[in-house]
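Here's the structure we're looking at; comments come further down.
All of the numbers you see were taken from the coordinates with simple rules; none came from a lab. A quick note: this is a predicted structure, and the numbers were derived from the prediction, not measured. Don't worry about glycine lacking a Cβ; one is built from the backbone with ideal geometry, like all the others, and counts go over all protein chains shown.
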Amino acid sequence: MASLSPVVSDQWGMLTAAHARRLGVSRVDLNRLVEDGTFEPVSGAARVYRLTGVPDDPDQDPVRAAWLQLGKGRLWEERVRDVDAVVSHRSAAHVRSLGDLIPRVHEFYVPTRVRLRRTDLRLRVRPRIARSDWSLSGGLPVCTIEKIVADLLADHEDESAVAQIVRDGIRDGLLGRDDLARAAARYGVDYGYGSASEFAAVLTGRQE
């Protein structure tokens, strides 16, 4: 526990079997910690464990656990310095509490292909994940709202759902008018508008 506790404190009370191995805790010893109630398995995330007594967050923990699985044993502090998975699209909006789109799967950008035995992940491979496209939210690397809006528009997401995300972002001071104009510029025609400014006005609810 002396070696595991600092890692757990950084990672929302959770760790993976790969983390334990890296820190010198054998599978046998980890199983003993689970059997004696020190740790408990995280539902839906194989080989991810939560320290018993740490309050769970049913809204955020599923995406956190999926992010931990993608790290292949790398620790949180290493992964935020050299990012290897960024929460994206609907999942990013959900983590940032923007709009009301319900994620159907956990969505991430990753620099290389990753194989996990899960059917509830959607991974988009990007060899380089630009630092300007993400920031930390609750300890997770998550796409910025400008990137979220652009990605959802590229996926032809429902206009009214994207508009709600835009309005929430402006309300929370996460999105400026210029940022929105850049995000909307490429997709106004796809949504039937004659200009980026017209489309941006509709998304903000300020159209005349």
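Tabulated data
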| quantity | calculated |
| --- | --- |
| Computed E for ARG81/ALA163 - FRET, C-beta separation, R0 41 angstrom, nearest 0.05 | 0.70 |
| Cα long-axis angle, helix 145-154 against the chain (0 to 90 degrees, to the nearest 10) | 70 degrees |
| Amide H within-cut-off set for PHE39, under 5 Å, with H built and near neighbours excluded | VAL34, THR52 |
| Helix 159-171 vs. the chain, principal-axis angle (Cα, 0 to 90°, nearest 10) | 80 degrees |
| Vicinal HN-Hα couplings computed from phi for region 130-142 (Karplus, 6.51 cos²θ - 1.76 cosθ + 1.60; Hz; Gly/Pro x) | 4, 4, 6, 8, 8, 8, 6, 9, x, x, 9, x, 10 |
| 24 Å tail of the calculated P(r), the chain, as % of Cα pairs | 46 percent |
| Relative contact order (%) - region 64-208, alpha-carbon pairs under 8 angstrom, separation at least six | 19 percent |
| ³J(HN,Hα), Karplus 6.51/-1.76/1.60, whole Hz, each residue of region 14-19, x for Gly, Pro | 10, 8, 9, 4, 5, 4 |
| Separation of the ASP36 and ALA154 label points, Cα + 7 Å toward Cβ, nm | 4.9 nm |
| Two-decimal Rg/Rh across region 132-208, once Rg and the Kirkwood Rh are taken from alpha-carbon atoms | 0.96 |
| Length released on extending from SER195 to LYS72, taking residue separation times 0.36 nm less the Cα-Cα span | 39.8 nm |
| FRET efficiency estimate (nearest 0.05) - Cβ-Cβ, ARG126 to SER3, R0 30 angstrom | 0.35 |
| FRET efficiency for VAL28 and VAL114, using Cβ-Cβ distance with R0 set to 30 Å, rounded to 0.05 | 0.65 |
